[in-house]
Amino acid sequence: MTSSARLLIVGPQGSGKGTQGVLVAEGFGIPVVSTGDIFRANIKEGTELGQQVTAILDAGDLVPDELTSAIVRDRLTHEDAAHGFLLDGYPRNTAQVAQLDEFLTGRGEALDAVILLDVPREESLERLRLRAIEQGRSDDTDEAIAKRLDIYEQETAPIISVYAERGIVDRIDGVGSLDEITERIAAALAVRGLAQRV
């Protein structure tokens, strides 16, 4: 069994992906590499990258695959990711899958497992509605939430197919208590010989 792991966590908005990702990464002693976090940190710090991303987002465009992949590649060269990492929010489409494959293959590496948090659409909608109320997110209208879930379904389904063909997708029931879901993920990864440190 190994305590290092190269993981990807995917799931619709409201699936608890962010929370579970942090818990899994802590268990393995590996960093969470979230494109959203990297973008936000750079925007906040006013770096050159942050300014680039701000200009793209202000224009109402998506950050291009090449730029997103370059950012992730850079992050994965940091010392804390030498023994593994957990990707959250990347790769988002098949083009990014190819770019990640190229980078990892060049290092003699590959993803060990893809954790897919399976949550019914109605459950995601309900959780996001609740979060919008709790956090006062006025932009989280039913229409906006539904649109984000549509994009997830359109973009992520092809990625899951690619990784499923490689036999590395662990489909986890994402409905239940936080601890129940965490235990399901740990059990699935243990079957793959991926043992958490804690």
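The values are calculated or read from the model by the stated rules, or taken from the named source; none is laboratory data. These figures come from a predicted structure and were not determined experimentally. As a convention, Cβ positions derive from the backbone with ideal geometry for all residues, glycine included, and neighbour counts pool all protein chains shown. Only protein heavy atoms, including side chains, enter the accessible area calculation; ligands, DNA and RNA are left aside. Shrake-Rupley method; radii C 1.70, N 1.55, O 1.52, S 1.80 Å.
For G18, the criteria (1) surrounded by 20 or more Cβ atoms within 10 Å (Cβ to Cβ); (2) under 16 Å from the mean Cα position of the chain (by Cα); (3) under 21 Å from E183 (Cα atoms); (4) at pLDDT 90 or above hold in every case but one, which is (1).
Only one of these is without any contact (Cβ under 8 Å) to a residue 24 or more places away in the chain, closer than 20 Å to S15 by Cβ, touching a helix residue (DSSP H, G or I) at 6+ places or on another chain (Cβ under 9 Å) and open to solvent by 60 Å² or more (accessible area, probe 1.4 Å): R184, R171, R137, R148. Name it. Step through it out loud before you land on a result.
Working: R184 fails: touching a helix residue (DSSP H, G or I) at 6+ places or on another chain (Cβ under 9 Å); R171 fails: without any contact (Cβ under 8 Å) to a residue 24 or more places away in the chain; R148 fails: without any contact (Cβ under 8 Å) to a residue 24 or more places away in the chain.
Of R184, R171, R137, R148, the one residue that is without any contact (Cβ under 8 Å) to a residue 24 or more places away in the chain, closer than 20 Å to S15 by Cβ, touching a helix residue (DSSP H, G or I) at 6+ places or on another chain (Cβ under 9 Å) and open to solvent by 60 Å² or more (accessible area, probe 1.4 Å) is R137.
Each residue in the stretch 52-94 was checked for being more than 25 Å from A25 (Cβ to Cβ) and aliphatic (A, V, I, L, M), and 5 pass. Determine whether the stretch 173-180 contains at least one residue that is within 16 Å of the chain's Cα centre (by Cα) and more than 15 Å from Q20 (Cβ to Cβ). No, because not a single residue in the stretch 173-180 is within 16 Å of the chain's Cα centre (by Cα) and more than 15 Å from Q20 (Cβ to Cβ).
Only one of L49, L57, L8, L87 is open to solvent by less than 40 Å² (accessible area, probe 1.4 Å) and without any contact (Cβ under 8 Å) to a residue 24 or more places away in the chain; which?
Details: L57 fails: open to solvent by less than 40 Å² (accessible area, probe 1.4 Å); L8 fails: without any contact (Cβ under 8 Å) to a residue 24 or more places away in the chain; L87 fails: without any contact (Cβ under 8 Å) to a residue 24 or more places away in the chain.
Only one candidate qualifies: L49.
Of all the criteria given as (1) part of a helix (DSSP H, G or I); (2) free of Cβ contacts under 8 Å to residues at least 12 places away in the same chain; (3) of a type in the set (D, E), the one not satisfied by D80 is (2).
Take the conditions touching a residue at least 24 places away in the same chain (Cβ under 8 Å) and loosely packed, with under 15 Cβ neighbours inside 10 Å and apply them to G27. Does it pass? Can you show your working first?
Values: touching a residue at least 24 places away in the same chain (Cβ under 8 Å): yes; loosely packed, with under 15 Cβ neighbours inside 10 Å: no.
Against the criterion (touching a residue at least 24 places away in the same chain (Cβ under 8 Å) and loosely packed, with under 15 Cβ neighbours inside 10 Å), G27 does not qualify.
The number of residues in the stretch 63-83 being open to solvent by 70 Å² or more (accessible area, probe 1.4 Å) and either of a type in the set (D, E, K, R) or under 19 Å from A41 (Cβ atoms) (or both) comes to 7.
Kindly indicate which of E165, E126, E153, E143 is within 18 Å of T19 (Cα to Cα), acidic (D, E) and either modelled with pLDDT of 90 or more or open to solvent by 60 Å² or more (accessible area, probe 1.4 Å) (or both).
Numbers: E165 fails: within 18 Å of T19 (Cα to Cα); E153 fails: within 18 Å of T19 (Cα to Cα); E143 fails: within 18 Å of T19 (Cα to Cα).
Exactly one of E165, E126, E153, E143 is within 18 Å of T19 (Cα to Cα), acidic (D, E) and either modelled with pLDDT of 90 or more or open to solvent by 60 Å² or more (accessible area, probe 1.4 Å) (or both), namely E126.
For the stretch 98-126, the set of residues classified as in contact with a strand residue (DSSP E or B) (Cβ under 8 Å, 6 or more places away or on another chain), under 18 Å from A157 (Cα atoms) and among the small types (G, A, S) consists of A113 only. Quick check: anything in the stretch 103-116 in a helix (DSSP H, G or I), at pLDDT 90 or above, under 22 Å from A81 (Cβ atoms) and touching a helix residue (DSSP H, G or I) at 6+ places or on another chain (Cβ under 6 Å)? Yes: one or more hits.
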